[in-house]
Amino acid sequence: MGHLNRIIYLFFHYKFTIKIFPPYSVPRIQGLPGVGINYGQIANNLPSPSRVSVLLRSLNISRVKLYDTDPVVLSAFSNSNVDFIIGLGNEYLENMTDPAKAQSWIQQRLQPHLPQTRITCILVGNEVFKGEDTKLYSYLLPAMQTVYKTLVDLGLDKQVIVTSAHSLDILANSFPPSAGSFRQDLAVYIQPILSFHSQVKSPFLINAYPYFAYKDSPNQVPLDYVLFQPNQGTTDPITNLKYDNMLYAQIDAVYSAMKAMGHTDIEVRISETGWPSKGDENEAGATVENAELYNGNLLKRIQQKQGTPGKPSVPVDVYFFALFNENLKPGPTSERNYGLYYPNGNPIKVVNLSYNLFTVFFLLFLIY
């Protein structure tokens, strides 16, 4: 069979198969507000950024979060409708407290891509408080402030917001949600960071993984509760609010922790969440089926513009982790298996990102 004939055959074969046997029954991520995706690149087998651009445009995904400022990626998405969060790594925080170095970073890493690539946020540091480097703790706020002031000086502060992302380890207490509180040893750092968010009107981002709670205590944490499946749920004894899933309880715990520090004017958003499709023997629940349920059920709720019990009028805002499996990530097997796609472009049976004509041609493009 000739090259062109083979592509034509495969196109109609895939089109027919997908029409008769829809790959997944969960709602489509295509075009949903409040949904983004993390594009990690700790791998040596990923498709080129230009091919990724084709894929994401075919799926109408309009929000992407990077962990750096890869110029090849940002150029590949020029003149697209994709809004980017770019990452300023922890290793740069000390330098970013120097206004001259912050200006140089922005002029070299951000400005060359504007306005052709839509960069709307700089993520200054990632999970800084998860480590034990207290010097890094002290650099975070000054770095955020200096980056923000530099954006103001360059006339970019209305276009690009400044924030950071935190793990849930910053909480001393997360249950009941109404009693959520930040760790006492971090209060001296978090209090002024919250004041910064309030001043510049940027969201507070958290990386939330109910999977970790289940993996650590599979006999105590109900699987249905973390997967958004029908379950008895739990009731906050202070507010009498009922929670039928852990993620919403975690979000409200952060809101409560901020309220305890005097802030009710900052929105909480999820910068990372997901579920691994594969894990080691001691990683309970890391399966394709559970990943499909977690991501799919969460998407249904986002489609309904749900808020949490504590903030019912604020739709949950999520960046799923991650676009691809990343084969060079260190740690347990699960760390390399959070992707919605394999590097060859085939979807992992996790969530229906909506096959269409462009998606089929993208897959064929990778194969041939």
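The values are calculated or read from the model by the stated rules, or taken from the named source; none is laboratory data. Note that the coordinates shown come from a computational prediction; the quantities given were computed from them, not determined experimentally. As a convention, Cβ positions derive from the backbone with ideal geometry for all residues, glycine included, and neighbour counts pool all protein chains shown. When the accessible area is computed, the model is the full protein with side chains, heavy atoms only, and any ligands, DNA or RNA have been set aside. Shrake-Rupley method; radii C 1.70, N 1.55, O 1.52, S 1.80 Å.
Quick one: which of Phe182, Phe129, Phe175 is of a type in the set (A, V, I, L, M, F, W, C) and surrounded by fewer than 20 Cβ atoms within 10 Å (Cβ to Cβ)?
Details: Phe182 fails: surrounded by fewer than 20 Cβ atoms within 10 Å (Cβ to Cβ); Phe129 fails: surrounded by fewer than 20 Cβ atoms within 10 Å (Cβ to Cβ).
Matching residue, one of Phe182, Phe129, Phe175: Phe175.
Taking only pairs six or more apart or across chains, which ones have beta-carbon atoms under 7 Å, a first residue in the range 300-327 that is in contact (Cβ under 8 Å) with a residue 24 or more places away in the chain, and a second residue that is surrounded by fewer than 16 Cβ atoms within 10 Å (Cβ to Cβ) and polar (S, T, N, Q)?
So the pair list comes out as Asn327/Asn44; Asn327/Asn45.
So in the range 83-100, with the set limited to residues that are in a helix (DSSP H, G or I) and acidic (Asp, Glu), which one is surrounded by the fewest Cβ atoms within 10 Å (Cβ to Cβ)?
Across the range 83-100, the extreme among qualifying residues is Glu91.
Does the range 160-189 hold any residues that are farther than 21 Å from Tyr67 by Cα, in a helix (DSSP H, G or I) and touching a helix residue (DSSP H, G or I) at 6+ places or on another chain (Cβ under 7 Å), and which are they?
Pro177, Ser178, Ala179, Leu186, Tyr189
Please find, within the range 206-248, the residue that is most open to solvent (accessible area, probe 1.4 Å) out of those that are in contact (Cβ under 8 Å) with a residue 60 or more places away in the chain and out of contact with any helix residue (DSSP H, G or I) (no Cβ under 9 Å at 6 or more places or on another chain).
Lys242
Give me the pairs: first residue in the range 170-187 and touching a residue at least 60 places away in the same chain (Cβ under 8 Å), second residue part of a loop (DSSP other than H, G, I, E, B) and of a type in the set (Asp, Glu), beta-carbon distance under 7 Å, and six or more apart or on different chains, which are they?
The qualifying pairs are Pro176/Asp236; Pro177/Asp236; Ser178/Asp236.
Being of a type in the set (Gly, Ala, Ser) and either closer than 13 Å to Val147 by Cα or open to solvent by 30 Å² or more (accessible area, probe 1.4 Å) (or both) is the filter here; which residues of the range 72-82 pass it?
Within the range 72-82, Ser75, Ser78 qualify.
Output the residue which, of all residues in the range 41-55 that are open to solvent by less than 10 Å² (accessible area, probe 1.4 Å) and under 21 Å from Lys329 (Cβ atoms), is modelled with the highest pLDDT. Spell out the reasoning first.
Going residue by residue through the range 41-55, those that are open to solvent by less than 10 Å² (accessible area, probe 1.4 Å) are 52-53, 55.
Restricting the remaining residues to those that are under 21 Å from Lys329 (Cβ atoms) gives 52, 55.
Working: Val52: 95, Leu55: 89.
The extreme case among them is Val52.
Against the condition of a type outside the set (Phe, Trp, Tyr), in a helix (DSSP H, G or I) and modelled with pLDDT under 95, how does Leu363 come out, does it pass?
Working: of a type outside the set (Phe, Trp, Tyr): yes; in a helix (DSSP H, G or I): yes; modelled with pLDDT under 95: yes.
Taking the combined requirement at face value, the residue satisfies it.
So which residues in the range 192-205 are among the polar types (S, T, N, Q) and crowded, with 16+ Cβ neighbours inside 10 Å, if there are any at all?
Filtering the range 192-205 for residues among the polar types (S, T, N, Q) gives 195, 198-199, 202.
Passing the criteria: Ser198, Ser202.
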